[in-house]
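No value in this document is a laboratory result; all are computed from the given coordinates. Everything numeric here is computed off the predicted structure, so don't read it as measured data. Here the Cβ positions follow ideal geometry from the backbone for every residue, glycine too, while neighbour counts run over all protein chains shown.
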């Protein structure tokens, strides 16, 4: 409860006291100074205990603090499992169901038996979901982020707009950041290869690559005005386990903002440029241009690619809606321990809202991933 209290700001506390006005006396609510004050009063009324947390969990979800509600739920389930014991002794049967959020999946669910530790910490939190009268437990698998720094973040800004802001964001997330600006296609490719061959990846927990560039379809033009460009698939392949063994089994996160110089063709009757292959993750943002984009096919890749028309760069003091939302979401996700997939939903919403109000300057977002575990950057 102390951890939850530390993560709750003043506005959250006000919203929570408003929701509890029918449960706690008015004079008690007026004297509330922190979340712990609410906890004490609910305990007095037998509305809160280690086994009775549904009320407070529901309130936290109602004020959109799902991260804190999950903490409460995790604690309650840990208490229940400790009291009930495991059955059969020291072992539980887990069912692994293919995730709909992954761009690759197993065709059918697989069941296996694995030991259950007697104590559960945050990286292996046990979650319990109720389905009617039945229930099951699922162990959350999390990528380890124990190295310091967490890994390398490579930023290539060939437009010269927001590389510095991204650098500050990823430094705050405990990454070692290398920033390059205004490179040619040849220099971009040379830089990527040099970084892929660094030995430091063996000690790192993750890798991040951010690219801001003009483009033609799936080819990055960097600062070149013509030429074949650098295909995005080439960027990805440089950091696969075959090309970069130091990153094998580790999350590789790509965030790309490209400004398309070509005139895209609209695709009648389709909602986006997504391929019709099974297992691909659709975005929440409306995608109206029919342009084939690269899909990650190797494991442990998170691929977030946003593109818009190059004329956006002509706007004075231009800032990418996508990159701004990404920086904000990463910062908030660090504070609230939100995993990367949920964190990106906030980016999707920001792009969708912008497109709704400013359709003449729309952004188009493609999110695909082959992550096998959960990524937390908190």
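Exposure proxy shown here: for 377, 80, the number of other Cβ atoms within 10 Å sets the order, fewest to most, as 80, 377. Solvent-free Debye calculation, one equal scatterer per alpha-carbon of region 2-83: log10 I(q)/I(0) at 0.18, 0.21, 0.25 Å⁻¹ equals -0.71, -0.98, -1.37.
Between residue 21 and residue 231, the contour length at 0.36 nm per residue exceeds the Cα-Cα span by 69.8 nm.
Going 7 Å from the Cα of residue 190 toward and past its Cβ, which residues in region 221-249 have a backbone nitrogen under 19 Å from where you end up? Taking a point 7 Å out along Cα→Cβ of residue 190, the residues of region 221-249 whose backbone N falls under 19 Å are 221-231, 235, 238. Full extension of the chain between residue 299 and residue 349 yields a length gain of 15.4 nm, computed as 0.36 nm times the residue separation minus the alpha carbon distance.
Model label points for residue 342 and residue 45, set 7 angstrom from Cα along the Cα-to-Cβ axis, are 2.7 nm apart.
Please find the FRET efficiency linking residue 360 to residue 6, where r is the Cβ-Cβ separation and R0 is fixed at 41 Å, and quote it to the nearest 0.05.
After rounding, the FRET efficiency stands at 0.40.
FRET efficiency for the residue 55 to residue 171 pair, using the beta carbon distance and R₀ = 45 Å, is estimated at 0.65. Extending 7 Å from the Cα toward the beta-carbon at both residue 31 and residue 324 defines two label points whose distance is 4.6 nm. Taking 0.36 nm per residue of separation and subtracting the current Cα-Cα distance, fully stretching the chain between residue 238 and residue 262 would add 6.0 nm.
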